[in-house]
Amino acid sequence: MRYLSFGAGVNTTALLLLFPEVYYDEVIFADTGAELPKTYEYIDKYVKPFLKDNGIKFTVVRGNEKGMSSLEEYCMYYKIVPSMQVRWCTEKFKLDPIAKYLKETKSDNEYPIIALLGISYEEKDRIKESPYPWQINEYPLVQRKFTRQDSTRIIRSYGWPVPPRSGCFFCPFQSSAQLRSLYLHYPELYERAIRLEENSQQFPKFTLFPNGISLRVLRNRFGHGNHRLEEYIKN
């Protein structure tokens, strides 16, 4: 059993398109419920048809922490936000749901399972062995010395557009430019991110943007209340 852990970003999309040179039996996408709408649209328009044409199963798994499958709901309930230092959100809503699915659906004679992970060559220091005794991690892009630029080339050579940035709309790793784009394109999601941040029991000491700058302050810096409708459409 070989599965591709699909994150919907540039590297895992390139890895997807390397099939059948890089062979996999199933694609698994851990959905936090908080991806950008463009990510879900990209999956529906490009990824799912490709896998259907090749007869490959596409599986969506979700977290189930205290009955909550959404990372946003979980954060609101416990009055916390994702952290750059301790990436608990990745573990609880990405890694654990995949592991749970595999352990529940695969029989003993299908182990060990090979996990294909989309880490590019310049990120090779992130390579690590699987924490599970029944899983072996493989890094096809690193093995081929493919960089992120190579991943982009692969996607474009297939005729696909480069996928949008993957990640939750309230991810603390976003830059100011990415948050501004969120504010302009998805103002309702930006407002939900503000609500999430200010609901945290550690606010305002800890914020989703570095240096203690709140999303509300950033929103004002983006010119909140001073934009014409056409600016939201063009940016």
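The values are calculated or read from the model by the stated rules, or taken from the named source; none is laboratory data. Note that the structure is a prediction, hence the values are computed from the model and not measured. Cβ: placed from backbone, ideal geometry, glycine included. Neighbour counts: every protein chain shown. These area figures cover heavy atoms from the full protein model, side chains too; ligands, DNA and RNA do not enter into them. Shrake-Rupley method; radii C 1.70, N 1.55, O 1.52, S 1.80 Å.
Could you tell me whether any residue of segment 160-171 is in a helix (DSSP H, G or I) and either among the charged types (D, E, K, R) or touching a Lys or Arg at 6+ places or on another chain (Cβ under 9 Å) (or both)?
Quick first cut of segment 160-171, residues in a helix (DSSP H, G or I) only: none.
Looking for residues that are in a helix (DSSP H, G or I) and either among the charged types (D, E, K, R) or touching a Lys or Arg at 6+ places or on another chain (Cβ under 9 Å) (or both), one finds none in segment 160-171, hence no.
Among the listed residues Leu95, Leu15, Leu51, Leu102, which satisfies the condition of being outside any strand (DSSP E or B), crowded, with 16+ Cβ neighbours inside 10 Å and without any contact (Cβ under 8 Å) to a residue 60 or more places away in the chain? Full working, then the answer.
Working: Leu95 fails: without any contact (Cβ under 8 Å) to a residue 60 or more places away in the chain; Leu15 fails: without any contact (Cβ under 8 Å) to a residue 60 or more places away in the chain; Leu102 fails: without any contact (Cβ under 8 Å) to a residue 60 or more places away in the chain.
The match here is Leu51.
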* Residue match in segment 81-88 (condition: farther than 23 Å from Leu18 by Cβ, in contact (Cβ under 8 Å) with a residue 12 or more places away in the chain and surrounded by fewer than 19 Cβ atoms within 10 Å (Cβ to Cβ)) -> yes
* To do: Please tell me if Leu36 is more than 25 Å from Lys103 (Cα to Cα), in contact with a strand residue (DSSP E or B) (Cβ under 9 Å, 6 or more places away or on another chain) and surrounded by 17 or more Cβ atoms within 10 Å (Cβ to Cβ).
  => yes
* Structure fact -> Of the residues in segment 167-178, those that are crowded, with 16+ Cβ neighbours inside 10 Å and free of Cβ contacts under 8 Å to residues at least 40 places away in the same chain number 1
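Take Glu73 and decide whether it is open to solvent by 70 Å² or more (accessible area, probe 1.4 Å), assigned to a helix (DSSP H, G or I), over 23 Å from Leu18 (Cα atoms) and modelled with pLDDT of 95 or more.
Working: open to solvent by 70 Å² or more (accessible area, probe 1.4 Å): yes; assigned to a helix (DSSP H, G or I): yes; over 23 Å from Leu18 (Cα atoms): yes; modelled with pLDDT of 95 or more: yes.
Spelling it out, Glu73 is indeed open to solvent by 70 Å² or more (accessible area, probe 1.4 Å), assigned to a helix (DSSP H, G or I), over 23 Å from Leu18 (Cα atoms) and modelled with pLDDT of 95 or more.
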* Restricting the first residue to segment 109-136 and requiring it to be closer than 26 Å to Arg148 by Cα and without any contact (Cβ under 8 Å) to a residue 60 or more places away in the chain, which pairs with a second residue that is open to solvent by 100 Å² or more (accessible area, probe 1.4 Å) and basic (Lys, Arg) meet a Cβ separation below 7 Å and a spacing of at least six or different chains? -> Tyr121/Lys145; Glu122/Arg148
* To do: Can you tell me which residue within segment 203-223, out of those that are of a type in the set (D, E, K, R) and in a helix (DSSP H, G or I), is least open to solvent (accessible area, probe 1.4 Å)?
  => Arg219
* Structure fact -> Residue count, segment 70-108, condition within 23 Å of Gln174 (Cβ to Cβ) and of a type in the set (Ser, Thr, Tyr), comes to 6
* Asked: Within segment 120-142, is even one residue in a strand (DSSP E or B), farther than 29 Å from Gln201 by Cα and among the aliphatic types (A, V, I, L, M)?
  -> yes
* Looking at Leu184, is it assigned to a helix (DSSP H, G or I) and either at pLDDT below 95 or surrounded by fewer than 18 Cβ atoms within 10 Å (Cβ to Cβ) (or both)? -> yes
* To do: Take Glu65 and decide whether it is open to solvent by 50 Å² or more (accessible area, probe 1.4 Å) and charged (D, E, K, R).
  => no
* Output the qualifying pairs, or none if there are none: Cβ atoms under 7 angstrom, residues six or more apart or on different chains, first residue in segment 201-226 and under 15 Å from Pro187 (Cβ atoms), second residue open to solvent by 90 Å² or more (accessible area, probe 1.4 Å) and part of a loop (DSSP other than H, G, I, E, B). => none
* To do: Considering each of Arg221, Arg156 in turn, give the residue that is modelled with pLDDT of 95 or more and either more than 22 Å from Leu4 (Cβ to Cβ) or more than 20 Å from the chain's Cα centre (by Cα) (or both).
  => Arg156
* Structure fact -> Condition set of a type in the set (Gly, Ala, Ser) and crowded, with 18+ Cβ neighbours inside 10 Å, scope segment 146-166, selection nearest to Leu117 (Cα to Cα): answer is Ser151
